Each structure stands twice: as structure tokens, then as C-alpha cells.
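Worksheet: one structure, shown below.
The values are calculated or read from the model by the stated rules, or taken from the named source; none is laboratory data. On a predicted model such as this, the values are computed, not experimentally measured, just so you know. All Cβ positions, glycine included, derive from the backbone under ideal geometry; neighbour counts span all protein chains shown.
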Amino acid sequence: MKIQQIELFLVRLELAHPFTTSFGTYTVLHHPFIKMTTDDGFIGWGEVPSLPNPAYKAESDHGSVWFSLVQFIVPSVMDYQKKNGWYSSVDDLVASYTWIKGAHFAKSGVEAAFWDILAQQKNKPLWKIVGGTKRTFPVGVSIGGKTVNEVMNKAEQAVKHGYQRLKLKVWPGFEYDVTQAVRSRFPAIQLQLDANSSYTLENWGRLKKVDIFNLLLIEQPLYDDDVVFHAQISAQLKTPICLDESIHSLHDTLRAHLLWKTFSNPRKLIINIKPPRVSGIRESIAIAQFCKKNGIKTWIGGMLDGALGKLANLHINARDDVDLPGDHFSPTGSYFKRDVLEQSLTSENGEYTLSNSVSYGQVVDEVRIRSMSDDYSKFKFV
Ligand code: OSB
Ligand code: MG
């Protein structure tokens, strides 16, 4: 593949309903979009699901992502090609920017655009290109509300939509009542919690009170950069712990496995695979494969991605080694007032069925993307 040019757009996305986590409430997001054009006329797209600030984790804010793309990653991709002539594979693409430490969110957008082109060149749906086999699978939603009432309303809507798994955002003092309310209203639903690193070594014991609610998992209760203490507290909880923020790579996953073997049991470890957090689809596949071999369950997490990012995640969910329902929809359907794809993503009876059309399965409308981004935030590299 010979890349002719790469363009960047910073797209403004307005949430249809505010989304609250332990670290804040979001109403408007800005997501970098990457458009890659090859010399033979293929066009690939990638989205980076960034947030307004780094409260979720370092380098997840759109300012950092944009700076890394403009200053380092895209120039490296173009320079490498000038030296080597063309790109023969995703490994090759990744090699062009491995010298850059971190910047996983930014890297993932470039990789996504590259996979989109690979799928188009082979004239196959993306899910087949990434090794998927399941076209239909159950999906879940993440519910971020400030009060028990708000969460209950969103949960009602989500269950009405048929979603098969609910994830509730919790934090110290907002865990027992909300979990009990949802669990007693929906005794049989698959239920899990996400603390987004809001507990400490001093107060994590509060989570023992929700250990009785037959939960699938509790996600990232402790510090965003911690794996060791998570492994230790896992031994004292029946509910498996799921790592989100602190897993960036296959190597981080190997370390977590080792620690759970030492302090707890790998069966009580679950990994939330967010392709943008682990630098892209390639690393996501490596993590899913390792986890499957070692009895660690995985699922595909979202982070308020626009429809293109959600669609990419759905394609990866087709893999056999992705076990649990992902964060694929908002409780009411799309998260945003206006999204980047014309056709909104819909599930039926809590299941999503991937299209057999080429690549993403939907045409990405550049006019629409341009109309949603500011003039000063467009870049072109040739
Ligand atoms: O931790 O999964 C998270 C949203 C923003 C930042 C982090 C997270 C989330 C979510 C939303 O839970 C999940 C989704 O996009 O459906
Ligand atoms: Mg999470």
C-alpha cells in the first residue's frame, strides 16, 4: 500500500444526554478523525474517541491526541514511506511509529484507517479481516448517571431496547443503593460496575457490600496506573476484577496474569479491551488471543465513541476470543445529537448483526465529517 496523503479533522460531537462518571460529566466531545488516501484511490477512515480532559487517563484528551498526531505520528508514517517506498502490512505501519512512546489513542486512529483500506482492497467486511467469525452477538450498555433515579431511568430505557448487559458507573458512596436498586428491578440481567479508579486502598472495602449482587465484574476500582493492588484485593472479593485504565498492551496483560496467579486466580481477572487504549486493532487481537489461552475473559469496551468508532469495535467483537458483551450502544441508541454516520447503529433483541458489505459496512460521508469540524482544525500531510 502506498499512502498518498493523510488528513485530520477534529469533529465536534454533542451528547444527546449528559454522561457522568466518577471523574466528571460530559456534554460535548471533540474527536480526531483520520482520513488516509492511497495512490490507487482507496480512502480509509479512523476515529479517536478522545475526551475533553485527561481525567479518565493520561493522553486520552483530544489536545494530546491531536498534538501527537500532527507533530509526531503522521509525519513518521509519511517519512517511513519516503524511506521504504510503501507499506506491506499493519506491522510495517506500526513499525513507522514504535519509536514514539505512549500516544496509544492517537496511534489507534491511524491504524484504524489502515485496516479500513486493507478490508477494501480485499473486498471483505472488516470483521473477516480482523479474524472474526461471529456475525451476531449480544451487546451491552454503559450507564453514567448522577443519581439513583437517573440511573434507574436509563436502565429502564436500556432494558426496553433489549440490551442484555448493563454497566453502572459507581464511586465511593454511590455504589450500594444504585446497585441494589437496579439488581432488584432486574434480577436476571447481566450486571457489572465501573469505578473508573475512584477507590483507594483505604476505602475499597466498601465494594465488599456490593459483592453479593451476582455481578459479572467490577471494573478498575483502584488507581488508573495500578495492577498490583488490584490483584491483591481481588483475592478478597468474589466478583472478578476487570482492568480498563491500567492495561495498554499485551505486556501489561502478561503482568496482570502473573500477578493474579500470585495473589488471586486468573479466573477472577477480566480485561476490557478498548482498541484505542491499547494503540489499535493489532494489539487488541494479541491481547484477546493471550487471554483466551489463559482463561481470562475479555470484552470490547467503549468510551463514548462516535458511530465510526463503535462500528470498528463491533467488528472486533466478532472474534471468537472476545467473550462478554461490550459497551456498544447508549441506553437510547446513539450517544450523540448528530453522529458521523448517516445510518445509526441499531441492535435487535439486544443483539447486533454485522453487515457482509465491504469494510465497515457503511459509507463514510466526508461532507458530513467536514461539516462537523472547525476550519482551523483540518490538516493535510502529503
Ligand atoms: O471507563 O468505560 C469507561 C466513557 C468514557 C470514558 C471511560 C469509560 C466510558 C464508558 C462509556 O463507560 C462506554 C461506552 O462508550 O459505551
Ligand atoms: Mg472503564
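Descriptive notes on the structure:
A quick yes/no check of all residues on (1) of a type in the set (Phe, Trp, Tyr); (2) within 21 Å of Thr20 (Cα to Cα):
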| position | (1), (2) |
| --- | --- |
| Glu150 | no, yes |
| Ala155 | no, yes |
| Gly173 | no, yes |
| Asp177 | no, yes |
| Asn196 | no, yes |
| Tyr199 | yes, yes |
| Lys208 | no, no |
| Asp226 | no, no |
| Leu254 | no, no |
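- Filter result for Glu59 (outside the structural domain of Tyr199 (by TED's automatic domain parsing), of a type in the set (Asp, Glu), at pLDDT 95 or above and farther than 18 Å from Val340 by Cα): yes
- Members of segment 36-52 found to be surrounded by fewer than 22 Cβ atoms within 10 Å (Cβ to Cβ) and either more than 18 Å from the chain's Cα centre (by Cα) or within 16 Å of ligand 2 (Cβ to nearest atom) (or both), listed by number: Thr37, Thr38, Asp39, Asp40, Gly41, Phe42, Ile43
- Condition met for Pro138 (assigned by TED's automatic domain parsing to the domain that holds Leu304, surrounded by fewer than 22 Cβ atoms within 10 Å (Cβ to Cβ), more than 18 Å from Met1 (Cα to Cα) and at pLDDT 95 or above): yes
- Residues of segment 188-242 classified as polar (S, T, N, Q) and outside any loop (DSSP other than H, G, I, E, B), total: 4
- Scoring Leu168 on the criteria (1) buried (at least 22 other Cβ atoms within 10 Å of the Cβ); (2) out of contact with any Leu (no Cβ under 8 Å at 6 or more places or on another chain); (3) not polar (S, T, N, Q) leaves a single failure, condition (2).
- Residue in segment 23-33 that is in contact with a Gly (Cβ under 7 Å, 6 or more places away or on another chain), at positive phi and at pLDDT 95 or above present: no
- Scanning segment 189-206 for residues that are free of Cβ contacts under 8 Å to residues at least 60 places away in the same chain and farther than 19 Å from Trp299 by Cβ yields Tyr199, Thr200, Leu201, Glu202, Asn203, Trp204, Gly205, Arg206.
- For Val367: the one exception among (1) without any contact (Cβ under 8 Å) to a residue 24 or more places away in the chain; (2) of a type in the set (A, V, I, L, M); (3) over 30 Å from Thr27 (Cβ atoms): (3)
- Index of the failed condition, Ala181 passing every other in (1) free of Cβ contacts under 8 Å to residues at least 24 places away in the same chain; (2) among the small types (Gly, Ala, Ser); (3) touching a helix residue (DSSP H, G or I) at 6+ places or on another chain (Cβ under 9 Å): (1)
- Of residues in segment 278-323 being charged (D, E, K, R) and within 10 Å of the chain's Cα centre (by Cα), the one nearest to ligand 2 (Cβ to nearest atom): Asp305
- Some residue of segment 307-328 being touching a strand residue (DSSP E or B) at 6+ places or on another chain (Cβ under 6 Å), part of a loop (DSSP other than H, G, I, E, B) and more than 16 Å from ligand 1 (Cβ to nearest atom): yes
- Screening the candidates Asp61, Asp116 for the property of being buried (at least 23 other Cβ atoms within 10 Å of the Cβ), of a type in the set (Asp, Glu) and touching a Ser or Thr at 6+ places or on another chain (Cβ under 7 Å) yields one hit, Asp116.
- Residue satisfying all of: in segment 329-346; small (Gly, Ala, Ser) and within 13 Å of ligand 1 (Cβ to nearest atom); modelled with the lowest pLDDT among these: Gly333
- Checking Val278 against (1) among the aliphatic types (A, V, I, L, M); (2) surrounded by fewer than 24 Cβ atoms within 10 Å (Cβ to Cβ); (3) part of a loop (DSSP other than H, G, I, E, B), the condition it does not meet: (2)
- Residues of segment 190-215 that are more than 16 Å from ligand 1 (Cβ to nearest atom) and surrounded by fewer than 20 Cβ atoms within 10 Å (Cβ to Cβ): Thr200, Leu201, Glu202, Asn203, Gly205, Arg206, Lys208, Lys209, Asp211, Ile212, Phe213, Asn214.
- Which numbered condition Lys274 fails, given (1) of a type in the set (Lys, Arg); (2) at pLDDT below 95; (3) within 16 Å of ligand 2 (Cβ to nearest atom): (2)
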